[in-house]
Every structure is written in C-alpha cells, then in structure tokens.
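A.B. asks: For reference, the structure I am asking about is given below.
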Amino acid sequence: MSENPRDDDSDPRPEDEFRDMLRDFLAGNGEIDPARLAGAAGLPNDPELVAQLISQLQNALQSSGDGVNWGLALEQAKGLASRSSVVSLPAERSQLEQALHVASLWLDEVTDISALASDPRLMSRSEWVTATMPVWTQLAEPVATSIANSLTEVLRQNAPDEMDDMIQGASQIMRNVGGTLFAMQLGQVVGQLSSEVVSGGDIGIPLLDNAEAALVPQNVLAFGNGLDIPVDQVQLYLSVRELAHARLFRHAKWLRLQLLTAITEFAHGIRIDTSRLEELAADFDPNNPEELREAMTSGALIPPKSEEQLAALERLETTLALIEGWVDVVTAAATTRLPSSAAIAETVRRRRASGGPAESAFATLVGLELRPRRLREAAAMWQAVTDAVGAEKRDDLWSHPDLVPVASDIDDPSALIARVSAGVPEPDEFDRALEDLLGDESGDRPTE
C-alpha cells in the first residue's frame, strides 16, 4: 500500500492543486516579491516581518482550522512591543507606585465611588498587549469574518468556469490566508498602540478585566517629554485619571458589558464593499500591489455607514463622551493641588481628540473610531451637575443604566439637574437582584 494517499489517485483534488500553487508562490517561484506582499498586507518592509509573514502564510496553508488565527495577532503585537520596550528602573516604578497611592487618596476627597479591589499594575508594553488583546480581537472579529466571506464570494464570482471546482474546494484555504493577513495587520496596530498608550483606560474603553488600573511606565515618561512640566506632576495627574476611569467601571458594573456590546453590535453591521473588491481583483497588478495595500489600510473596502449604524455610532460616541467627561471633571477636582493640572488636562484632551497613528490605523482597519467627539460638552454637563447638586448625587447617576444622562442632557443639562434635584428613585427588586449578581461575578460582595 502506498504511504501517500495521493499516489493512488492520478487526479489530485482541485484544492490540493490550489494549495500547491500558493505554496510555490510563497517559496519564491511566483511573480510577487515577498517584500511587496508584505506591503500589500499593510506591514513595513522589514526583512524579519517579511520572513514571519511568509512563514505564517505557509502555516495557514496547512491549517485545518477556519478563520482568523488570533494567536498570531498576539504574537505579532508582542514581538513589535518588545522591540521598543525599555525596562523601567526601580526608582521610576517606586515613584509611580507612590503617585498611585497619593492619587487614590485625592480621589477619595472628590468622589464617594470606592477604591479598587486590587492594586494598580505597572505594565511593560508587552504586558499591556497580552492583557488587552482579548478586547481588540473581540472588536475586530466581525470585520475579519466579513472580509473573509466577501473575498471567497468575489473569487467564486470572478473565477472562470473551469476553475469553479478549485475555488469551491479552496475556499477554506483562502479564508485561512486572508485571516492570517488580517491577524498580522491587527497585531501590527496593537503593537504600535503599545508604544502610544499610557494606561489601561487611555483609549477610553475598559481594556482590562475586573476594572483593573494600570500604567505603562515607559510611556508615562514619554508623555511628559517636551511638556516642560515636572515629571512628578505628570505622574500624579495620569495616575488620578487612570484610577478614576477604573473606579467608574468597578462601580457601574453593567457599564463595561454595555459599552463593549454596543461596539460589537456596531461592528457586526459592517459590510465589505464587494464591488470595490471585484475592481481590485480585476485590475490587480502582481508587480504593483500598492492599490491593494491602500484599500486594505485606508478602510476603502468598508462602505459608508448605514442609517442604523450612524444612529448606533451616535449612541456609542455619547457613552464614550459621558465616561471621559466624568473622568475629566473628577480628575480636575482631585488635582487642584497640581500647579500644572490644567496644562496636562488640555494635552490629554487634544491627544484624545486627534488620536495617535495606531489608533487611526485601528479605525481604518475595523471602520470604527473610539473618540469621544463631544468630550468638552459632556465635561461641561458633569461640572454643571456637580455645581448644582454635589458629587454624591452626580455619581448616583451611574448606579443604573436608566439613570445615565443622554445626548439631550449634554445639549441642555438643566432638565437633568431638575431630575436629580427631585431625587433619584430607589432601585426595584429586579435591579437589586441584577446588582447582586454582577457583584458576585466580579468578586465583590454587595454592601448591606
């Protein structure tokens, strides 16, 4: 008996022919330079990255799985993060630990929202990547799936009749190859983000589980460079801001799930422009893949948002603005002792409004910007509520999703202030049961 089942079959399966064709190409027997392929995938022309891309694509040809290899995204991001990581000195870590301790005391003075259950973490860039990648993959998966489905469909529609059997049998192979390219792009984006973010909540969404707080010492130091502000003031301000963000999500236990669900539902509505994909397939020049690279990295394959998506995006942006506006107001109140507090706050706001290069890359990759466009208006609303009814009643608005302000409250806080002044209703039996359940799942015991 032959050791190779294919030896007994003079007509190999179409998908095996297709697999062999791709394997020959990846071995350098095709027309495209591997460096050009890396460029088409949106990756820099780096010999190490090109070699990794070819290796991973070869693995994808052998994979029996289907879809995106998210482990590859993590590997790619960690590799990129570790390249630029610098080990923080013991003295720097000690300074930050002290800053976090002082920040917690300052927050206790301006909000009744309780301190965290666990100590804040000081993370390297690689540790930040590992801790946050589950959320990034959750946000990116719907788009990756849509791209894989659209690619397979376009290939099927445009293939000559005599290749139907090959394309049909090779669809899983193409999904795996497409998933590999997408995973490496996501890894590239998250790896770049690791050099831009200063903390766990810096992007505005809760990337860490269990309402943890974290700072990235190397990036905190880089944030302060060029500001002409004493480093200890920068450390204190960023510590207060990060702890305020984490405290909010620990207090409003429903908020993280609601926010991530809203983002995921928005992403599920994203569809790929198959007509644009067909044009690329028809006009693709193997020796000049720049057009393909531009389409993949500029978001050109994602068509304009539908009316439903625009409405969902508006709700999402309102929630993000409410969260960061509250954090801004609480942080400002807690850092009145810092002479440069206002200057640092303005730097943070401008930075969040514009987003860094990697954040922009993520937006084009998945068709979603995580920027609170109404941040200043939301902060002004929270300040007006604070001035009118005090911090305790202000923070009570986070006790239940039905009490949280809406877009119209940002436009005109007077009606919100009137409602709060009239008294917040006590939660009903169902709300208490839900709060107890969320408290148990997070490891917190509800207070009596």
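The values are calculated or read from the model by the stated rules, or taken from the named source; none is laboratory data. Predicted, not measured: the structure shown is a model, and the values here were computed from it. As a convention, Cβ positions derive from the backbone with ideal geometry for all residues, glycine included, and neighbour counts pool all protein chains shown. Just the protein is used for accessible areas: all its heavy atoms, side chains included, with ligands, DNA and RNA removed. Shrake-Rupley method; radii C 1.70, N 1.55, O 1.52, S 1.80 Å.
A.B. asks: Please turn the phi angles of segment 80-85 into ³J(HN,Hα) values with the Karplus equation 6.51 cos²θ - 1.76 cosθ + 1.60 (θ = phi - 60°), one per residue in order, whole Hz, x for glycine and proline.
C.D. replies: 5, 5, 5, 4, 9, 6
A.B. asks: Given points 7 Å out from each Cα along the Cα-Cβ axis, report the LEU105 to GLU153 separation in nanometres with one decimal.
C.D. replies: Label-label distance for LEU105 and GLU153, simple model: 6.1 nm.
A.B. asks: In segment 341-397, with Lys and Arg counted as +1 and Asp and Glu as -1 at Cβ, which of these residues, ALA345, ALA391, SER360, has the Cα nearest the positive end of the dipole, that is, farthest along it?
C.D. replies: Selected residue: SER360.
A.B. asks: With a 1.4 Å probe and all protein chains in place, put ARG374, ARG350, ARG121, ARG394 in order of accessible area, largest first.
C.D. replies: These residues rank, largest area first, as ARG350, ARG121, ARG374, ARG394.
A.B. asks: Give me the lysines in straight-line cross-link reach of LYS253: C-alpha distance below 25 Å, same-chain residues under 8 apart excluded.
C.D. replies: Straight-distance partners of LYS253: LYS393.
A.B. asks: Roughly how many Å² of PHE182 are accessible to a 1.4 Å probe, to the nearest 10?
C.D. replies: Approximately 10 Å² for this residue.
A.B. asks: Okay, next question. Take the Cβ-Cβ distance between VAL406 and ALA222 as r, set R0 to 51 Å, and report the resulting FRET efficiency rounded to the nearest 0.05.
C.D. replies: After rounding, the FRET efficiency stands at 0.85.
A.B. asks: Sticking with this structure for a sec: What relative contact order, as a whole-number percentage, does segment 72-143 give when Cα pairs under 8 Å and 6 or more residues apart are counted?
C.D. replies: RCO, segment 72-143: 56 percent.
A.B. asks: Report, in whole Å, the centroid distance computed from the Cα atoms of segment 383-413 and segment 211-235.
C.D. replies: Centre-to-centre (Cα) distance: 30 Å.
A.B. asks: Check which residues have an amide H placed less than 5 Å from MET123's amide H, if you skip close sequence neighbours.
C.D. replies: Counting only residues 5 or more places away or on other chains, the set is LEU215, VAL216.
A.B. asks: Using a simple spin-label model with points 7 Å from Cα along the Cα→Cβ vector, what separation in nm is obtained for THR264 and ARG350?
C.D. replies: 3.8 nm
A.B. asks: Next up: How much net charge surrounds GLY204 when only other residues with a Cβ under 14 Å from its Cβ are counted (Lys, Arg +1; Asp, Glu -1)?
C.D. replies: Local charge sum for GLY204: 0.
A.B. asks: Same structure, new question: Taking 0.36 nm per intervening residue step and subtracting the Cα-Cα distance, what contour gain separates ALA343 from SER82 on full extension? Could the numbers behind the result be given before it?
C.D. replies: Values: separation 261, 0.36 × 261 = 93.96 nm, distance 3.15 nm.
Extra length from ALA343 to SER82 when fully extended: 90.8 nm.
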